[in-house]
Amino acid sequence: MSSQRNVTASVDPYSHLQRALLRNYLHAHADILKQEAAVVSTHTTKSVSRSVSAHQLDFVLIFLTSFCFYRPLGNLYTISSTDSSVGSTRPTRSTPRVGIIGAGMAGLYIGLILQSLDIDFKILEASNRVGGRLYTYRFSDSVGERRYEYYDVGAMRFPDTRFMTRTFNLMRNRGLDITLIPYHFQSDNTFRCYNGYTYPNGVPPAVAQEDQEEGQIEAQNALAENPFRASSAQTPLQYPTLAAANAVLSEILNEPRQLFVGHPMSEAITLLINGYDSYSMRTWVKHRVPQLSTSDILWLETVDKSTGWYDRGLVDTVLESLAFDWPQPPPQQGLENPIPEINWFCIDNGSSNLPEQMAGRLQGRIERGALVTKIIEEGNFMRVNYTEQPNALAAYPPNEQTDVFSAVICTVPLPRLSFMDLDGCGIMGHNYSQWSAIRQLRYGPSIKIAIRFTNPWWEHIPGRPAIIGGQSFTDLPIRTVVYPSYPPNGKNGNHVPKSPVLIVSYCWTNDAERLSALIRENGRADPCLIPLVLRDLAKVHNIELAWLKDQYDDQEDGRNYHAWSWLSDPLSAGAFAFFGPGQYSDPIFPKMRMSAAHNKLYFAGEACSAYHGWVEGALNSAWHAVNSYLQHARDADPIHAETWQTRINTFRNTWGTTETLDQEHVQEDQEIEEGLNNQD
């Protein structure tokens with residue numbers, strides 16, 4: 001009441017004529033004002049009715065005058081001049097307006113869907129670019145002879161499997177100008193370097209029989225059985241060769257992977273969660289092969305993934321494996337079961353081309369540099385506060401803007417979401433499971449470092465075959481080296497030079513956290529980082545460090561390298577969802593996917609799907625969020641239910657009837673949501 005007294009003291013009294021005019025206006029528009037006035041004050045919602053008392057009218061006059069700065073009666077529906085929505089159409093049930101937070105792949109996909117349904121929307125993006133984790137860094141212009149001097153900081157490769165159906169549908173069937181290039185996931189001439197020993201393809205070179213001297217045969221056999229000297233008397237390993245390690249890992253994962261043979265995706269995921277979510281990868285390995293020692297499991301983790309990866313939930317590990325190698329049914333007796341080859345692709349001109357093409361279809365709908373600071377439920381509407389000049393995590397930026405929507409779909413990473421003020425949006429104090437999910441669901445770190453060399457030296461190492469695409473792996477700090485698969489077909493088509501840009505380090509988990517300490521803002525790095533990288537790179541390729549340094553033009557301004565840590569990026573605070581054991585079946589994950597604020601606030605992004613770390617997860621979660629929004633809007637608006645049902649039918653006919661868009665095993669109106677939300 002004290003705030004009301006302050007307002008009363010500052011407002012000039014209305015004339016008798018003004019009071020009469022407004023009274024007539026309120027009586028004539030009472031039904032509409034019941035809904036619309038909620039955006040001004042929940043108190044006003046209760047006050048405006050068909051029978052407006054003098055006391056209630058005085059309050060409405062005073063409050064509306066102070067809030068709207070004494071506007072003409074015709075502008076009662078317009079927000080104050082400090083609101084960025086001035087001049088835009090106010091949302092109503094029949095003319096909805098949806099706010100989308102984040103112009104990553106989920107946000108852009110939602111925009112395309114809503115645009116196809118003729119639903120008004122606005123996308124608020126904190127960065128000056130679109131795409132989120134689809135980010136291509138260019139050392140040179142994207143045209144001309146040097147147009148392939150780039151690397152993808154985030155998502156960079158796409159396997160054409162059932163796991164990626166919606167992603168390829170977007171790239172191939174939605175009218176986007178996207179050119180796909182074959183991506184060489186593996187190459188015969190890459191290296192494995194562990195414990196200081198490096199070999200092409202991880203196999204020691206054989207010595208010709210005629211060149212073998214006495215005693216060399218025994219030494220050769222010993223080397224073949226323990227090529228990296230990782231097994232010793234102190235720490236004997238059962239699977240010291242890469243072939244043996246890969247074989248036992250394949251056997252260990254086969255049981256849960258077989259759930260996806262002959263089952264629809266949604267059903268298989270439900271079975272996987274019900275049967276295996278309590279395991280981490282580490283505990284599952286020990287469960288399946290009890291005789292393995294801790295050293296054995298650490299060795300398997302080292303050659304299979306990255307340091308600490310096996311602490312990840314088994315469900316996430318199995319789901320990720322589907323992208324790289326779709327499971328095959330057991331072979332029938334007497335028949336071979338050939339494993340089909342998986343075709344991998346990357347996007348010509350970089351992965352950023354995909355979100356940029358999508359954004360081009362949404363002209364005028366994306367506001368960049370808009371850092372959302374607060375989401376508020378106000379009656380039948382949602383208010384979003386944001387600043388046009390993001391400055392860290394300031395709670396009340398001096399240039400804060402605001403906009404009003406009938407619903408909001410938030411697609412930002414959960415760590416970034418936790419930085420927002422969510423006190424007034426129906427989560428904190430109302431849904432502890434959902435609030436806990438925002439805080440507890442795990443994200444993993446990831447880093448990439450790229451160097452533009454003077455030439456693609458990995459194709460011209462003296463006495464070595466050329467490396468075209470593929471990856472090298474090591475237990476040195478750089479962990480993974482990724483060779484470019486472009487220009488297309490590895491040829492100098494149209495006289496375009498080969499790309500001299502090499503991803504010299506790609507790390508996850510604990511390995512990424514360590515190198516993150518040497519990565520600074522805007523792609524810069526600590527002075528010791530590049531020397532460290534070059535040292536490791538020379539060891540992996542078994543070449544002289546001095547020779548390698550000659551291939552690098554070390555400019556003082558650092559223009560020939562770029563380093564990025566997604567953990568240190570304030571707009572992501574992590575690379576991708578990285579669930580631990582039990583986090584799928586625990587209610588916090590299904591709660592995270594549910595709507596809030598009385599079905600006016602929805603969430604999307606790869607963390608809200610079962611496809612963590614992939615574009616497919618972002619797209620599937622976007623479908624889920626829009627599907628939920630449309631159904632809730634229909635149920636809440638019986639007057640326009642037929643219109644909403646038409647939108648739902650158009651949505652499903654155009655964008656798929658299930659979240660996974662699993663064309664081979666589609667079942668009408670069956671969603672992955674059933675399997676996940678039934679855990680609650």
Quick one: what pairs do we get from segment 280-308, first residue assigned to a loop (DSSP other than H, G, I, E, B), second at pLDDT 95 or above and of a type in the set (G, A, S), C-beta under 8 Å, 6+ apart or different chains? S306/A512
Can you name the number of the only condition in (1) out of contact with any Ser or Thr (no Cβ under 6 Å at 6 or more places or on another chain); (2) surrounded by 16 or more Cβ atoms within 10 Å (Cβ to Cβ); (3) modelled with pLDDT of 90 or more; (4) part of a helix (DSSP H, G or I) that G613 fails? (4)
Before we move on, is A618 part of a helix (DSSP H, G or I) and either buried (at least 24 other Cβ atoms within 10 Å of the Cβ) or at pLDDT below 95 (or both)? yes
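Give me the residue from segment 185-237 that is of a type outside the set (S, T, N, Q) and touching an Asp or Glu at 6+ places or on another chain (Cβ under 7 Å) and, out of that set, modelled with the lowest pLDDT. So that I can check it myself, show each step before the final result.
Initially, segment 185-237 is screened for residues of a type outside the set (S, T, N, Q), giving 185, 188, 191-194, 196-197, 199-200, 202-208, 210-211, 213-215, 217-219, 222-225, 227-230, 233, 236-237.
If we keep only those that are touching an Asp or Glu at 6+ places or on another chain (Cβ under 7 Å) as well, we get 194, 237.
Working: Y194: 97, L237: 92.
Here the answer is L237.
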What about A450, is it on the phi < 0 side of the Ramachandran plot and in contact with a Lys or Arg (Cβ under 8 Å, 6 or more places away or on another chain)? no
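Return yes or no: is T294 modelled with pLDDT of 95 or more and not assigned by TED's automatic domain parsing to the domain that holds L476?
Details: modelled with pLDDT of 95 or more: yes; not assigned by TED's automatic domain parsing to the domain that holds L476: yes.
The answer is yes for T294.
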Of everything in segment 240-263, what is buried (at least 19 other Cβ atoms within 10 Å of the Cβ) and not in a helix (DSSP H, G or I)? Give them in sequence order. P240, T241
Restricting to segment 102-126, and then to whatever is part of a loop (DSSP other than H, G, I, E, B) and under 15 Å from the mean Cα position of the chain (by Cα), can you tell me which residue is nearest to P413 (Cα to Cα)? G102
Evaluate the following for N542: is it at positive phi and either over 28 Å from the mean Cα position of the chain (by Cα) or modelled with pLDDT of 95 or more (or both)? yes
Mind checking whether some residue in segment 146-159 is modelled with pLDDT of 95 or more, of a type in the set (G, A, S) and assigned to a loop (DSSP other than H, G, I, E, B)? yes
Residues of segment 403-456 satisfying the condition of being of a type in the set (D, E, K, R), more than 17 Å from L571 (Cβ to Cβ) and crowded, with 23+ Cβ neighbours inside 10 Å: D403
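Sort out for me the strands (runs of 3 or more DSSP E) sitting completely within segment 457-549 that have 2 or more residues that are free of Cβ contacts under 8 Å to residues at least 60 places away in the same chain and surrounded by 22 or more Cβ atoms within 10 Å (Cβ to Cβ). Don't jump to the end; show me each part of the working.
Details: elements: 471-474, 480-482, 501-508.
Fully inside segment 457-549 and qualifying: 501-508.
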Among the residues of segment 325-344, is there at least one that is modelled with pLDDT of 95 or more and over 24 Å from the mean Cα position of the chain (by Cα)? no
Scanning segment 167-208 residue by residue, those within 23 Å of Y611 (Cα to Cα), assigned to a loop (DSSP other than H, G, I, E, B) and polar (S, T, N, Q) turn out to be Q186
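The values are calculated or read from the model by the stated rules, or taken from the named source; none is laboratory data. Remember, predicted model here, so these are calculated numbers, not experimental data. Cβ: placed from backbone, ideal geometry, glycine included. Neighbour counts: every protein chain shown.
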